[in-house]
1. Quick one: check the C-alpha center-to-center distance for the stretch A:184-203 versus the stretch A:126-143, whole angstrom.
2. Is the stretch A:160-308 best put as rounded, prolate or oblate by its Cα gyration tensor, with a ≥ b ≥ c the root eigenvalues, rounded for a/c under 1.5, and otherwise prolate when a/b is larger than b/c, oblate when not?
3. Which residue, A:G241, A:L281, A:A179, has the largest displacement toward the positive end of the dipole of chain A when charges sit on each Cβ (Lys, Arg +1; Asp, Glu -1)?
4. With the dipole of the stretch A:17-108 worked out from charges on the C-beta (+1 for Lys and Arg, -1 for Asp and Glu) around the Cα centre, which of A:T26, A:P44, A:I67 lies farthest toward the positive end?
5. How high is the relative contact order of chain B, in percent, with contacts defined as C-alpha pairs under 8 Å that are six or more residues apart?
6. With both partners inside the protein assembly as shown, how many of the DSSP beta bridges are antiparallel, as a percent to the nearest 5?
7. Treating only the Cβ of Lys, Arg, Asp and Glu as charged (+1, +1, -1, -1), what charge dipole size does the protein assembly as shown show about its Cα centre? Round to the nearest 20 debye.
8. Isolated Cys in chain A by the 4.7 Å beta carbon test?
Amino acid sequence: SLPAYNYEVYHSLEEIEEWMYYLNKTHSDLVHMFSVGKSYEGRPLYVLKLGKRSRPYKKAVWIDCGIHAREWIGPAFCQWFVKEALQTYQTDPAMKKMLTQLYFYVMPVFNVDGYHYSWTNDRFWRKTRSKNSRFWCHGVDANRNWKVKWCDEGASLHPCDDTYCGPFPESEPEVKAVAHFLRKHRKQIKAYLSFHAYAQMLLYPYSYKYATIPNFSCVESAAYNAVNALQSAYGVRYRYGPASSTLYVSSGSSMDWAYKNGIPYAFAFELRDTGHFGFLLPETLIRPTCTETMLAVKNITFHLLKKC
Amino acid sequence: PRRPRYAGDKVIRVVPESERETQILKAAFNRLKVDLWQPSSTFHISEGMVIDVRVPQNTSRSLLPYLQQANIHYTILISDLQKAIENETGQRASRHRR
């Protein structure tokens, strides 16, 4: 049952898939599970569509977690978000408004092959698991494989590097599948949120260059309010700003692609922490991390609902 | 029994304070093929940047003394990575999980 699933532990891919199947069956008024395609190793790429079927056309928000396999707090947050949506829909007017006026497409694990591999073989695996014909190294950085200034600064052409951009843009079936979906729904999707770890940052475009986006004032104010909301929970500070100057320059990222594809609010979260635990954020910190991040996501959603 | 995969591995933090230190670190990390936690690539390493790197046990035997000889200050974020992995999932025994 929904209360019985433990959202304060990290779950294997199989457990997450079973959980999605369960929600799809038991919450059909608010949840619809579907697949956007298959991974390199043939696994389905599941997405949960959350929201009340209140009107024929509704704007939507896309949320993905686990582009990088070792960043486990990402998928944990995606599951937490879904849990909060379903558990508070009736009791929280804000959540009710969100799910009535919008759809949320939530992809709890983007890089399913890599995530499974990080559970079974190498906890610190980052990339996908695609094979390279000329080198013995596996995988492509799924956040360098998008068709936006592909393989320019901050990405590598060497297959053994952790930031390998791939042989060509959208070479990874996971990236291609999600890109296809987002292109198809570009008029509907008004916000793109991608969850990574770790650095405690809220980033917006551009990653690939030092430049100001056209709708800077709207996006900047959304980010400012979101990090303040996040901080209100436990006092945790997040830095925010354009990814290129706040983090570093990188090309081929999903956030930049989403923005270029016409999604006006594109953000990448780098969740807790800042290095004390790094990728090994203890399960005891899942609750506070997800609780504060929910505030930021709700804040961005309401910013989106108001016309900026 | 088989040695746990990350036994003896460490995660260190280093912040280059000069161009000299930046170049030394880039060269060392490229040569030793360490696992960079942040930033994601040696390409991004620059003066003043926080660098977190996972250093396997056999590599740390040469890298850490090398940094000391080069007068590059580092701190150990995680001294026992295997233990940190086990502590990450406290609510279930990791042997059951895997």
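Values in this text are rule-based calculations from the coordinates and carry no lab data. Quick caveat: nothing in here was measured; it's all calculated off a predicted structure. Glycine also receives a Cβ, built like all others from the backbone with ideal geometry; neighbour counts cover every protein chain displayed.
1. Their Cα centres are 24 Å away from one another.
2. It comes out oblate by the Cα gyration axes.
3. Most positive-ward Cα: A:A179.
4. With unit charges placed on the Cβ atoms, the residue in question is A:T26.
5. Normalised by residue count, the contact order of chain B is 42 percent.
6. Restricted to the protein assembly as shown, the bridges split so that about 50 percent are antiparallel.
7. 1080
8. Lone cysteines by the Cβ rule: A:C290.
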